[in-house]
Amino acid sequence: MISSLIFCFIVGAVLAAEEDSRSAYTKTQENKRLHGYVVKKIDSTDEMSCSQACLRHSWCTSSNFKESSGNCELNKHEFSTTDDNTKLTDNPGTTFSKFLKGCLMAGCLNGGSCLFDEGKDAFACSCSPQWRGEKCEMDFTATFTCDDKMEMFADGQSLGTDSNWTNPTTYLVPGNTRVLSVAGESIGGPLGILGSTSNGQVTNETWKCSSVLSSGWNSPDFDDQSWPLAKVLAKHGEGSWKTLKGIAMTAKWIWGDTNSNTAYCRLSIK
Ligand SMILES: *[C@@H]1O[C@H](CO)[C@@H](O)[C@H](O)[C@H]1NC(C)=O
Ligand SMILES: *[C@@H]1O[C@H](CO)[C@@H](O)[C@H](O)[C@H]1NC(C)=O
């Protein structure tokens with residue numbers, strides 16, 4: 001339903017822009033033909049129906065249409081293939097049309113918007129925070145460790161536990177997570193929590209840590225205003241700890257009250 005609406009919208013826009021050599025959806029060059037990438041040949045009465053045929057096939061990225069013969073060729077190639085025009089040959093009477101479809105047909109996931117990207121000269125997904133990937137389909141990962149034991153949470157949901165600080169664990173975090181939190185426990189000796197995420201978060205003094213277990217402490221709705229900021233004990237690589245694989249070097253070992261063997265630390269992600 002949505003894709004057919006979008007389809008009508010594009011066809012409408014292509015129609016409206018027929019006069020222009022360049023619309024937001026196609027880039028047209030007269031008397032040029034791209035060869036070597038033709039996947040399908042059909043007969044078309046006019047350029048419009050040739051364009052529609054290309055729009056109907058998700059793989060079709062451009063078309064060659066020869067008015068005199070009604071010959072419509074549908075091409076498949078990378079966007080960059082036609083960037084420098086070297087693969088276009090002179091061909092009187094043929095119109096080459098490149099479609100800037102991108103995400104217009106496929107859409108974007110998780111609240112991402114399909115916007116025209118001038119740099120890429122195509123439509124591309126602009127993802128909501130925390131989502132990545134061409135279609136905003138990817139979540140992010142968090143790699144954490146605790147001297148000595150920890151449990152990792154995303155919006156209050158447990159992602160897993162770890163009790164070997166020399167061997168950080170990587171957790172898959174749902175893309176729309178608002179609060180990351182770690183419950184840490186020391187069984188004596190050095191204590192601390194260290195971690196980073198694939199989208200640039202690191203443990204540091206912007207986290208909040210409490211030594212007291214409060215009900216709902218790891219949920220997004222919990223009010224942590226009265227909680228103290230995390231205490232930084234060392235930078236990653238310093239102290240008795242070595243450099244730990246998978247954790248950003250900008251991360252810092254944090255804890256709450258160092259007289260307590262427990263720390264409940266959280267970070268709101270905007
Ligand atoms: C902790 O992880 C390291 C690998 O980093 C491994 O050599 C060691 O045996 C592990 N210790 C325990 C108690 O599992
Ligand atoms: C703390 O880490 C965040 C990323 O999680 C970073 O944006 C911020 O600049 C850091 N603050 C300090 C004081 O290092």
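At-a-glance table
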item: Selection count, region 112-141, where residues are hydroxyl-bearing (S, T, Y), at pLDDT 80 or above and either in contact with a Leu (Cβ under 9 Å, 6 or more places away or on another chain) or surrounded by 15 or more Cβ atoms within 10 Å (Cβ to Cβ) (or both); result: 2
item: Search result, residues across region 142-168 that are surrounded by 23 or more Cβ atoms within 10 Å (Cβ to Cβ) and within 11 Å of ligand 1 (Cβ to nearest atom); result: T145
item: Any hit, region 136-149, residues being outside any loop (DSSP other than H, G, I, E, B) and free of Cβ contacts under 8 Å to residues at least 40 places away in the same chain; result: yes
item: Single residue of region 50-106 satisfying the filter (farther than 27 Å from S126 by Cα and among the charged types (D, E, K, R)) that is surrounded by the fewest Cβ atoms within 10 Å (Cβ to Cβ); result: D90
item: Residue count for region 121-170, restricted to those that are within 20 Å of W241 (Cβ to Cβ), away from ligand 2 (no atom under 16 Å from the Cβ) and of a type in the set (F, W, Y); result: 1
item: Among residues of region 247-260, those that are within 19 Å of G188 (Cα to Cα) and either within 16 Å of ligand 1 (Cβ to nearest atom) or touching a strand residue (DSSP E or B) at 6+ places or on another chain (Cβ under 7 Å) (or both), counted; result: 5
item: Residues located in region 21-36, provided they are modelled with pLDDT of 95 or more and within 33 Å of the chain's Cα centre (by Cα); result: L34
item: Number of the exception - K252 against (1) within 27 Å of the chain's Cα centre (by Cα); (2) at pLDDT below 95; result: (2)
item: Residue list for region 169-186, restricted to those being of a type outside the set (A, V, I, L, M, F, W, C), under 19 Å from S198 (Cα atoms) and either crowded, with 20+ Cβ neighbours inside 10 Å or more than 16 Å from ligand 1 (Cβ to nearest atom) (or both); result: Y171, P174, G175, N176, T177, R178, S181
item: Residue satisfying all of: in region 230-270; within 12 Å of ligand 2 (Cβ to nearest atom) and among the basic types (K, R); farthest from D155 (Cα to Cα) among these; result: K235
item: Every residue from region 75-93 that is under 14 Å from Y37 (Cα atoms) and assigned to a strand (DSSP E or B); result: N75, L88, T89
item: Index of the failed condition, L109 passing every other in (1) within 21 Å of H35 (Cβ to Cβ); (2) surrounded by fewer than 21 Cβ atoms within 10 Å (Cβ to Cβ); result: (1)
item: Given (1) among the polar types (S, T, N, Q); (2) at pLDDT 95 or above; (3) within 16 Å of ligand 2 (Cβ to nearest atom), index of the condition S186 fails; result: (3)
item: Test set (1) surrounded by 18 or more Cβ atoms within 10 Å (Cβ to Cβ); (2) more than 30 Å from G112 (Cβ to Cβ); (3) at pLDDT below 95; (4) away from ligand 1 (no atom under 16 Å from the Cβ) - A263 fails condition number; result: (3)
item: Search result, residues across region 66-80 that are among the acidic types (D, E) and more than 39 Å from the chain's Cα centre (by Cα); result: E67
item: Residue within region 90-99 that is in contact with a Phe, Trp or Tyr (Cβ under 6 Å, 6 or more places away or on another chain) and farther than 29 Å from W131 by Cα present; result: yes
item: Residue among L233, L244, L229 that is modelled with pLDDT of 95 or more and within 16 Å of ligand 1 (Cβ to nearest atom); result: L244
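The values are calculated or read from the model by the stated rules, or taken from the named source; none is laboratory data. Everything numeric in this text was worked out from a predicted model, so none of it was measured. FYI the Cβ positions are ideal-geometry reconstructions off the backbone, even for glycines, and counts take in every protein chain you see.
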